[in-house]
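Peer 1: Here it is, the structure in full.
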Amino acid sequence: MVDHAAIRDVAHRNGPSTTLLLILRLRTFIALALVVAFFGLMAPNFMSVANLVIVSKHVAINALLAIGMTYVILTGGIDLSVGSIVGLTGMIAGALITYGIPLPFLGVVVWPNVLETMAIVLVVGAIIGAFNGVLITQLNVAPFIATLGTLYVARGAALLLSNGATFPNLVGKPELGNEGFPILGAGTLFGIPLSIVILVVVALIAAYVAARTPFGRRVYAVGGNERAAALSGVYVNRVKLAVYVISGFCAAIAGLIVSSQLVASHPASGESFELNAIAAAVLGGTSLSGGRGTIGGTIVGAFVIGVLSDGLVMMGVSEFWQMVIKGLVIVSAVVLDQMQRTLSRRARLE
Amino acid sequence: MTVPDSVAPILSAEKISKIFPGTTALADVDFHVYPNAVNVLIGENGAGKSTLMKILSGVERPTSGRIVMEGREVTFASVRDAASKGIGIVFQELNLCPNLSIAENIFLGHPLTRGGFHLDLARQRSRARALLQRLEHDLDPDTKVGDLRIGQQQIVEIAKALSEDVRILIMDEPTSALSVSEVEVLFRVIDELKRSGVAIVYISHRLEELVRIGDFVTVLRDGRLQASARMDEIDVSWIIRQMLGTSELAARRPVQARAGREILRIEDVCLPRIGGGMTVDHVSLSIHAGEIVGIYGLLGAGRSELFECLFGARPDASGTIVLDGLDISGLSINQRIAKGLFLTPEDRQRDGLVQNLSVGRNMSLSSLGRFTRFGRITTAREGDEVARISRELQVKAPSPHTMITSLSGGNQQKVVIGKSLMTSPKVLLLDEPSRGIDIGAKAEIFRVMRELAEQGLGIIFATSDLKEVAIADRILVMSSGRITLDASSNDATDELLVSASVVGHTAHANNASTSKGSHHG
């Protein structure tokens with residue numbers, strides 16, 4: 001999320017521009033500290049443990065999507081389909097728990113248990129991601145268009161599954177052996193909500209893969225200069241395919257958590273989530289042109305957005321103003337990012 | 001040596017200094033531009049040529065010093081301001097919009113209008129056509145610039161500069177993308193401009209060009225004025241001495257008597273051209289370990305394409321490639337690297353470097369598997385290897401964590417070569433390894449190539465510079481996708497090379513003699 005060596009480097013020298021540069025580098029953290037402090041003062045119950053847990057649960061959904069999105073954006077792509085994948089995978093979970101897998105030619109219905117259900121849903125998410133990846137790498141469709149298409153297709157499929165209706169009360173039945181789905185959304189581990197535990201685990205793996213594995217290095221190389229990466233022996237298409245699979249997989253995790261939290265699957269759930277995920281990544285310093293950004297930055301970015309929206313709700317700010325404020329925050333983040341780049345270029349010259 | 005004051009300069013830059021935070025790009029430089037003459041400016045990369053030109057064309061303001069034009073002190077607030085005062089510039093990097101037509105590009109900064117708002121397309125078109133005809137290029141002004149060859153785009157860039165009433169025309173490396181025949185056209189145009197009273201300021205790395213067309217020479221070194229002279233009083237070795245303090249490009253070595261085993265065999269490699277014909281036309285070759293093979297050829301001869309075929313970057317290529325006894329024809333780039341082949345591409349910025357990564361990470365990009373244990377990159381081992389290669393190649397970078405973009409061209413090239421060395425190759429393909437780097441770094445790159453050959457590597461490099469190809473043990477010439485000459489370095493005279501390089505294009509045949517004449521080396 002932050003280049004520690006660079007910060008030490010900067011801190012060694014002094015002067016107004018280096019201090020400013022340090023502040024700019026840490027801007028997402030500072031923004032998070034500021035919004036937390038602000039709402040702590042303005043909204044009396046904001047700092048209560050119960051509230052912070054609720055905020056974190058909201059953030060977890062967006063952060064999971066933003067992790068996959070960060071990988072995609074690092075290669076210079078974009079994935080607009082994640083919101084729809086949340087909806088579709090949630091609906092598939094709902095359908096599996098409500099109807100099982102009917103096999104008409106055998107005249108039986110197979111009832112997968114909860115873990116099997118989740119595994120199927122995650123695989124479906126990865127397959128939708130792979131579909132995006134194939135469109136982009138094999139058929140040369142621009143990522144924006146390919147995933148926009150998938151956004152509609154997946155949403156339509158989610159609506160078709162139930163004819164637009166909700167799968168309610170997804171608690172399962174003991175005689176079918178498929179109970180326990182709500183645990184994902186409501187359960188805790190050592191007092192910490194499971195969704196947050198999942199987020200922490202996924203974020204740690206994702207950050208590790210990005211920073212310390214050959215695959216991660218190749219993701220940055222593809223985003224930085226695709227041609228040079230290809231001529232260095234990087235299988236560019238495989239890397240690209242992989243990031244869309246990761247994004248689809250992350251969206252499926254989020255889809256499971258959303259429907260588990262609601263104990264119901266709604267075909268419209270996840271609408272416009274893709275925009276929040278992009279916003280979190282950008283706020284965390286990910287460059288839309290590819291090659292620059294970190295998982296840690298994205299997580300902090302997701303928290304800024306989450307704290308901001310929940311805090312404004314608690315203060316009773318109207319929904320319309322919330323949108324205005326969120327938009328301004330995102331644009332300011334990018335303006336500050338540009339300032340940082342100009343300043344560090346100047347610092348390098350010195 | 002000084003320039004006699006018999007002619008008054010049209011423009012004089014006096015005691016110009018330009019200080020950037022932390023560096024002095026120019027210190028007290030005097031530069032005179034004489035009318036009816038080609039004023040040549042020379043210096044290594046980083047000597048301050050580009051900065052001086054940016055100041056003269058209004059891109060940058062000097063920190064101190066003054067510019068006197070025809071007896072009056074002037075300042076340039078912007079490129080437009082300088083242009084309105086009669087100074088035109090053709091930048092090294094093309095500044096054209098590929099999505100617009102030739103005419104639209106030429107008149108982008110000063111559109112011809114009726115009533116100040118309505119674009120007079122007909123007039124722009126006819127003016128553009130006239131300008132192009134003056135440059136001996138009969139192109140349709142409505143052609144999109146993106147559809148033109150690079151050489152033609154360069155001509156459009158020059159037409160753009162000429163579209164205003166220029167009295168001083170600055171050309172920064174105008175021939176870097178031109179073919180021999182296009183260079184001839186450009187030189188004729190320069191001659192004509194000179195006679196019509198325009199003062200030309202000409203910057204180039206190609207010394208033989210400068211000697212041929214220059215009238216006055218100014219040499220910059222480390223941001224200072226090193227020397228200036230009339231061209232007829234000096235020669236190439238004087239220029240090199242002034243630039244470097246030595247007159248040798250690279251020590252010529254006796255041809256290696258001992259050639260090792262055959263390490264690369266190419267049979268019938270072909271690459272079809274879009275729209276018929278062959279870009280690479282049935283090329284067969286045999287390369288031995290410890291051998292340096294230079295491929296000379298003009299722009300478009302098919303050298304880069306041949307390298308790309310060998311490296312697996314051209315899926316539509318055919319033919320057999322045998323590397324050290326192993327047929328690698330059907331393999332991917334990644335697999336070919338693993339078997340011991342590597343290509344250092346011609347266009348470093350576009351194909352060689354990943355600009356957002358550090359020096360070390362660029363260098364290790366092709367060898368990540370070697371440092372990976374249980375799926376994790378062992379950064380300590382990666383760092384050791386980067387340090388070893390950097391030492392070997394004498395890469396001048398503050399640290400392996402330095403961003404690749406803050407290095408000079410020569411050091412960036414060393415990083416790309418370092419990336420290939422880290423994969424322990426058996427055969428290295430180097431496409432224009434000295435492109436865009438200064439003479440000092442060139443000599444170092446050639447020294448490295450010689451050392452690698454002595455270690456038993458097969459080295460093939462492509463160049464369009466006759467002097468450079470002379471460092472090879474064996475010289476091949478390519479023309480129109482074919483090998484037209486294969487000779488030992490001892491037997492290959494400049495005349496032989498030049499005539500072989502135009503085999504197959506009759507239109508260019510008569511240029512062979514002129515290029516020969518221009519070559520002083």
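Peer 1: So residue A:149 passes all but one of these: (1) under 25 Å from residue A:66 (Cβ atoms); (2) buried (at least 17 other Cβ atoms within 10 Å of the Cβ). Which condition number does it fail?
Peer 2: If we test residue A:149 against (1) under 25 Å from residue A:66 (Cβ atoms); (2) buried (at least 17 other Cβ atoms within 10 Å of the Cβ), just (2) comes out false.
Peer 1: Within the range B:87-101, can you find the residues that are free of Cβ contacts under 8 Å to residues at least 60 places away in the same chain and touching an Asp or Glu at 6+ places or on another chain (Cβ under 7 Å)?
Peer 2: B:101 - this is the single residue of the range B:87-101 that is free of Cβ contacts under 8 Å to residues at least 60 places away in the same chain and touching an Asp or Glu at 6+ places or on another chain (Cβ under 7 Å).
Peer 1: Tell me which residues, restricted to the range A:317-350, are within 14 Å of another protein chain (Cβ to nearest Cβ) and without any contact (Cβ under 8 Å) to a residue 12 or more places away in the chain.
Peer 2: Correct list: A:341, A:342, A:345, A:348, A:349, A:350.
Peer 1: Could you list, in sequence order, the residues of the range B:404-443 that are modelled with pLDDT of 80 or more and at positive phi?
Peer 2: If the condition is that a residue be modelled with pLDDT of 80 or more and at positive phi, then B:424, B:432 are the ones that fit.
Peer 1: Identify, by number, the condition in (1) surrounded by fewer than 17 Cβ atoms within 10 Å (Cβ to Cβ); (2) without any contact (Cβ under 8 Å) to a residue 12 or more places away in the chain that residue B:54 doesn't meet.
Peer 2: The one condition residue B:54 does not meet is (1).
Peer 1: Keeping to the range A:222-264, report how many residues are touching an Asp or Glu at 6+ places or on another chain (Cβ under 6 Å) and more than 7 Å from chain B (Cβ to nearest Cβ). First the steps, then the outcome.
Peer 2: Initial filter on the range A:222-264 (touching an Asp or Glu at 6+ places or on another chain (Cβ under 6 Å)): A:227-228, A:231, A:236, A:247.
Add one more test, that the residue is more than 7 Å from chain B (Cβ to nearest Cβ), and what stays is A:236, A:247.
Residues meeting the conditions: 2.
Peer 1: Counting residues that are closer than 22 Å to residue B:289 by Cα, which helices (runs of 4 or more DSSP H) fully inside the range B:316-426 reach at least 3?
Peer 2: Where helices (runs of 4 or more DSSP H) fall fully within the range B:316-426 and carry at least 3 residues being closer than 22 Å to residue B:289 by Cα, they are B:333-339, B:379-393, B:409-422.
Peer 1: So in the range A:176-221, with the set limited to residues that are more than 14 Å from chain B (Cβ to nearest Cβ) and among the hydroxyl-bearing types (Ser, Thr, Tyr), which one is nearest to residue A:69 (Cα to Cα)?
Peer 2: Taking the candidates together, the pick is A:195.
Peer 1: Next question. Collect the residues in the range B:469-485 that are more than 15 Å from residue B:282 (Cα to Cα) and either charged (D, E, K, R) or assigned to a strand (DSSP E or B) (or both), keeping them in residue-number order.
Peer 2: B:473, B:474, B:475
Peer 1: When you check residue B:332 against the structure, is it surrounded by fewer than 17 Cβ atoms within 10 Å (Cβ to Cβ), within 12 Å of chain A (Cβ to nearest Cβ), among the small types (Gly, Ala, Ser) and more than 17 Å from residue B:433 (Cβ to Cβ), yes or no?
Peer 2: Yes; evaluated as a whole, the condition is true for this residue.
Peer 1: Do we find that residue B:54 is over 30 Å from residue B:14 (Cα atoms) and of a type in the set (D, E, K, R) in this structure?
Peer 2: Spelling it out, it is not the case that residue B:54 is over 30 Å from residue B:14 (Cα atoms) and of a type in the set (D, E, K, R).
Peer 1: Kindly indicate whether any position in the range A:271-279 is of a type in the set (D, E, K, R) and surrounded by fewer than 24 Cβ atoms within 10 Å (Cβ to Cβ).
Peer 2: Yes: the range A:271-279 contains one or more residues that are of a type in the set (D, E, K, R) and surrounded by fewer than 24 Cβ atoms within 10 Å (Cβ to Cβ).
Peer 1: Of the conditions (1) closer than 19 Å to residue B:456 by Cα; (2) over 22 Å from the mean Cα position of the chain (by Cα), residue B:344 clears all except one; give me its number.
Peer 2: Residue B:344 satisfies all of (1) closer than 19 Å to residue B:456 by Cα; (2) over 22 Å from the mean Cα position of the chain (by Cα) except (2).
Peer 1: Right, another one. Residues in the range A:294-316: is at least one within 14 Å of chain B (Cβ to nearest Cβ) and either outside any helix (DSSP H, G or I) or free of Cβ contacts under 8 Å to residues at least 12 places away in the same chain (or both)? Spell out how you get there, then give the answer.
Peer 2: Filtering the range A:294-316 for residues within 14 Å of chain B (Cβ to nearest Cβ) gives A:294.
Next cut, either outside any helix (DSSP H, G or I) or free of Cβ contacts under 8 Å to residues at least 12 places away in the same chain (or both) only: A:294.
There is at least one residue in the range A:294-316 that is within 14 Å of chain B (Cβ to nearest Cβ) and either outside any helix (DSSP H, G or I) or free of Cβ contacts under 8 Å to residues at least 12 places away in the same chain (or both).
Peer 1: Can I ask one more? For the condition surrounded by 19 or more Cβ atoms within 10 Å (Cβ to Cβ) and farther than 30 Å from residue A:177 by Cβ, what is the one hit in A:90, A:83, A:129, A:94?
Peer 2: A:83
Peer 1: Here's another thing I want to ask about it. From B:306, B:368, B:331, which residue is modelled with pLDDT of 90 or more and within 25 Å of residue A:210 (Cβ to Cβ)?
Peer 2: The match here is B:368.
Peer 1: Further question on the same structure: Under 6 Å between Cβ atoms, at least 6 apart or on separate chains: pull out the pairs that start in the range B:351-362 with a residue that is more than 7 Å from every other protein chain (Cβ to nearest Cβ) and within 10 Å of residue B:401 (Cβ to Cβ) and end on any residue that is assigned to a loop (DSSP other than H, G, I, E, B) and small (Gly, Ala, Ser).
Peer 2: Listed pairs, sorted by first residue: B:359/B:397.
Peer 1: Wholly within the range A:1-75, which helices (runs of 4 or more DSSP H) include no fewer than the required count, namely at least 3 residues that are modelled with pLDDT of 85 or more?
Peer 2: The qualifying helices (runs of 4 or more DSSP H) are A:27-42, A:49-74.
Peer 1: Give, as residue ranges, the strands (runs of 3 or more DSSP E) completely inside the range B:63-134 that count at least 2 residues that are surrounded by 14 or more Cβ atoms within 10 Å (Cβ to Cβ) and in the same structural domain as residue B:147 (by TED's automatic domain parsing).
Peer 2: In the range B:63-134, the matching strands (runs of 3 or more DSSP E) lie at B:64-69, B:87-90.
Peer 1: Let me ask you something else. When you scan the range A:305-315, do you find a residue that is within 18 Å of residue A:23 (Cβ to Cβ), among the hydrophobic types (A, V, I, L, M, F, W, C), buried (at least 21 other Cβ atoms within 10 Å of the Cβ) and over 12 Å from the mean Cα position of the chain (by Cα), even just one? Outline the logic, then answer.
Peer 2: To start, the set of residues in the range A:305-315 that are within 18 Å of residue A:23 (Cβ to Cβ) comprises none.
Checking the range A:305-315: not a single residue is within 18 Å of residue A:23 (Cβ to Cβ), among the hydrophobic types (A, V, I, L, M, F, W, C), buried (at least 21 other Cβ atoms within 10 Å of the Cβ) and over 12 Å from the mean Cα position of the chain (by Cα).
Peer 1: Being within 23 Å of residue A:147 (Cβ to Cβ) and within 20 Å of the chain's Cα centre (by Cα) narrows it down to one of A:127, A:54, so name that one.
Peer 2: The match here is A:127.
Peer 1: Can you find, within the range B:312-329, the residue that is farthest from the other protein chains (Cβ to nearest Cβ) among those that are in contact (Cβ under 8 Å) with a residue 24 or more places away in the chain and of a type in the set (A, V, I, L, M)?
Peer 2: If we take residues in the range B:312-329 being in contact (Cβ under 8 Å) with a residue 24 or more places away in the chain and of a type in the set (A, V, I, L, M), then B:322 is farthest from the other protein chains (Cβ to nearest Cβ).
Residues checked against (1) surrounded by fewer than 19 Cβ atoms within 10 Å (Cβ to Cβ); (2) in contact with a helix residue (DSSP H, G or I) (Cβ under 8 Å, 6 or more places away or on another chain); (3) of a type in the set (A, V, I, L, M); (4) in contact (Cβ under 8 Å) with a residue 12 or more places away in the chain:
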residue	(1), (2), (3), (4)
B:376	yes, yes, no, no
B:383	yes, yes, no, yes
B:392	yes, yes, no, yes
B:411	no, yes, no, yes
B:418	no, yes, no, yes
B:421	no, yes, yes, yes
B:430	no, yes, yes, yes
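Peer 1: Could you tell me which of the residues A:313, A:329, A:317, A:334 is at pLDDT below 90 and within 30 Å of residue B:20 (Cα to Cα)?
Peer 2: None of the other options fit; the residue is A:334.
The values are calculated or read from the model by the stated rules, or taken from the named source; none is laboratory data. In this text, all values refer to a predicted model and were calculated from it rather than measured experimentally. Please note: Cβ atoms are built from the backbone with ideal geometry, for glycine as well, and neighbour counts cover all protein chains shown.
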